[in-house]
Amino acid sequence: MALSGIQIYKLLPKTNCKECGFPTCLAFAMKLAAKQVELDKCPYVSDESREKLAESAAPPVRLVTISADGREVKSGNEIVLFRHEKTFYNPCGLFIRLYDDEPLEEIKARAEEVAAYSVDYVGMPLSIDGFAIKATGEGAREQGSSGAAERFAAAVEGVLDTAKLPLILIADDPAVMAKGLEAARGTRPLINGATADNWEAFADLAKKHDAPMAIRADTVSGLAELTEKITGAGVQEIVLDPGVRDLRSSLALNTLIRRMALKKTFRPLGFPIISFPSECAADEGMVSIAATQAISKYGGFIVLDRFSPATIYPLLVLRSNIYTDPQKPIQVQPGIYEINNPVADSAVMVTTNFSITYFSVANEVDGSGFPGWLLVADAEGMSVLTAWAAGKFDAEKIAKTVKTTEIADKVEHRKVIIPGHVAVLLGELEEELPDWEIKVGPREAVDITAYLKAGAWQ
Ligand code: SF4
């Protein structure tokens, strides 16, 4: 059972040494009780206290890891319901489902296409995390036959031969799953198919192959009962499938499960959730909406049937935005960036090191075809206007950037273009950089091409 802040405090050394980063042991205890800090931050907890605190310190949502060939998908360890409260740590995994009744060559071709997909978003490569492979020959006719198991194993092998990405194996029959797991040897897949009727057989497979397992139940209390049985049987990494397949119920149950885990420290529901947006709707637009909801509201492993860059890209960007620490803006390294092979008479432009600002400007200069030197000032990862308003992108900072980058050694002219949004800095900057002519560029990145084309800066 979770301990209160005062109960935790009584188990701490009470020296107020501050090494944990908090001014007092009591402050640390309060944070520990709120799951906002890890016990390891205090190096002086006795072994006896550590044991007593272990339960309280354990993350309220269990971390589940699957992997293949060095690539991992981790879900869990979250401690807040809303990203603005702190941050979300482990981005949900996005998986494309392949069915084993497709011709093997077609399965491999799809796997190859999905694995090859990668896009650059503000300097971060975004791609699909892995595949879910579904056994389809498990109906009454083929139940128990070896044909279903062989076909499943062949699909698993074929996918791994093509692209070694983390897998979710989906099969209702433990015998079929066993074959799939053999084919996936050397990887750590999530095994999906356990229910109240067959969980023992799946738990045996999970233990034998050291794989996490997903369980499905029609009620939240059913899920909680199952996880207690399964953890009691020795499987600790569990993923929850609440069973519902419509937008409203998925939202309600995912939220209920996460609230119970975080706010009530209800361990039987303290596990990541798997979502199947493609089963929520036939229409692709609605599937995208269901996937958006799952990414936003507590889906840990998200399985989609269709792969299309047009629908996957916004989902990957959404995930990236939700799982970015709001307290740490995405930044690029300050310095000089050369675009289109600039020479001594090329334009010199200044911007800030907020990633989206940098990539907006850099892409526009690149697209314009004009060579340019882009000086990126350290504005603590803020955009131009925000940084200016916060005093992080002022005349002094711009002058310092011009000097420390030593751009004067690279160009013959002495003209520097500042963003139109900070035209107000013109006078001050002329004082800071008396040898330079300050030019006011466009306010928006989209107008850079026209500005360079007009040659107004020269
Ligand atoms: S490091 Fe430990 S002993 Fe020191 S202030 Fe923090 S909780 Fe107290």
Q: Mind listing the long-range amide H neighbours of LEU190? Cut-off is under 5 Å, sequence gap 5 or more, other chains count too, H placed in the peptide plane at 1.01 Å from N.
A: LEU167, ILE168, LEU169
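How long are the semi-axes of the ellipsoid equivalent to the stretch 5-57, from square roots of 5 times the Cα gyration tensor eigenvalues, in whole Å, largest first? Display every interim value, and only then the final one.
Values: eigenvalues 40, 29, 19 Å².
Result for the stretch 5-57: semi-axes of 14, 12, 10 Å.
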Q) Residue-wise, which Karplus ³J(HN,Hα) couplings in Hz belong to the stretch 292-301, taking 6.51 cos²θ - 1.76 cosθ + 1.60, θ = phi - 60°, and x for glycine or proline? A) 4, 5, 5, 5, 6, 10, 6, x, x, 10
Q: Rank-order 168-178, 416-426 by packing density, defined as the average count of other C-beta atoms within 10 Å over each peptide's residues, highest first.
A: 168-178, 416-426
(Q) Using each residue's phi in the stretch 360-372, evaluate 6.51 cos²θ - 1.76 cosθ + 1.60 at θ = phi - 60° and report the 3J(HN,Hα) Karplus result to the nearest Hz, with x for Gly and Pro. (A) 4, 5, 4, 5, 5, 5, 4, x, 6, x, 7, x, x
(Q) Could you derive backbone 3J(HN,Hα) for the stretch 317-328 from the dihedral phi with the Karplus parameters 6.51, -1.76 and 1.60 (θ = phi - 60°), listing whole Hz in sequence and x where the residue is Gly or Pro? (A) 5, 4, 4, 4, 5, 5, 9, 8, 5, x, 7, 10
Q.
For the chain, what does the helix formula give at 222 nm: sum of -39500 (n - 2.57) over DSSP H segments with n ≥ 4, over the residue count, nearest 500 deg cm²/dmol?
A. -12000 deg cm²/dmol
(Q) So if I take the centroid of the Cα atoms in the stretch 255-277 and the same for the stretch 413-458, what is the distance between those two points in Å? (A) 53 Å
Q. Going out from 0 in 5 Å bins, what whole percent of all Cα-Cα distances in the stretch 220-259 drops into each bin?
A. 6, 23, 27, 21, 14, 8, 2
Q | Set of lysines near LYS403 by C-alpha distance (under 30 Å), chain-local residues within fewer than 8 positions excluded | A | LYS328, LYS392, LYS415, LYS439, LYS453
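By the gyration tensor of its Cα atoms, with a ≥ b ≥ c the square roots of the eigenvalues, what is the shape of the stretch 1-136: rounded for a/c under 1.5, prolate for a/b over b/c, or oblate? It would help to have the intermediate numbers written out before the result.
Details: a/c = 3.67, a/b = 2.65, b/c = 1.39.
Prolate.
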**Q.** Inter-part distance where the stretch 283-327 and the stretch 383-401 are each reduced to a Cα centre, Å
**A.** 35 Å
Q) Per Stokes-Einstein, at 37 °C and 0.692 mPa s, what whole-number D in µm² s⁻¹ belongs to the chain, with the Kirkwood radius over Cα pairs as the hydrodynamic radius? A) 130 µm²/s
Q: Using amide H atoms built 1.01 Å from N in the peptide plane, name the residues 5+ places from ASP100, or on other chains, whose amide H lies under 5 Å from its own.
A: LYS134, THR136
Q. What size of dipole, in debye to the nearest 20, comes out for the stretch 215-293 about its Cα centre when the only charges are +1 on Lys and Arg C-beta atoms and -1 on Asp and Glu C-beta atoms?
A. 460 debye
Q. Amide H to amide H under 5 Å from GLY300: which residues, 5+ apart in sequence or cross-chain, H placed 1.01 Å off N in plane?
A. ILE273, ILE274, SER275
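Any read-out appearing in this document is the output of simple, stated calculations on the displayed coordinates, not a laboratory observation. Just so you know, these numbers come straight off a predicted model, no measurement behind them. Here Cβ is always computed from backbone atoms with ideal geometry, including for glycine, and neighbour counts include all displayed protein chains.
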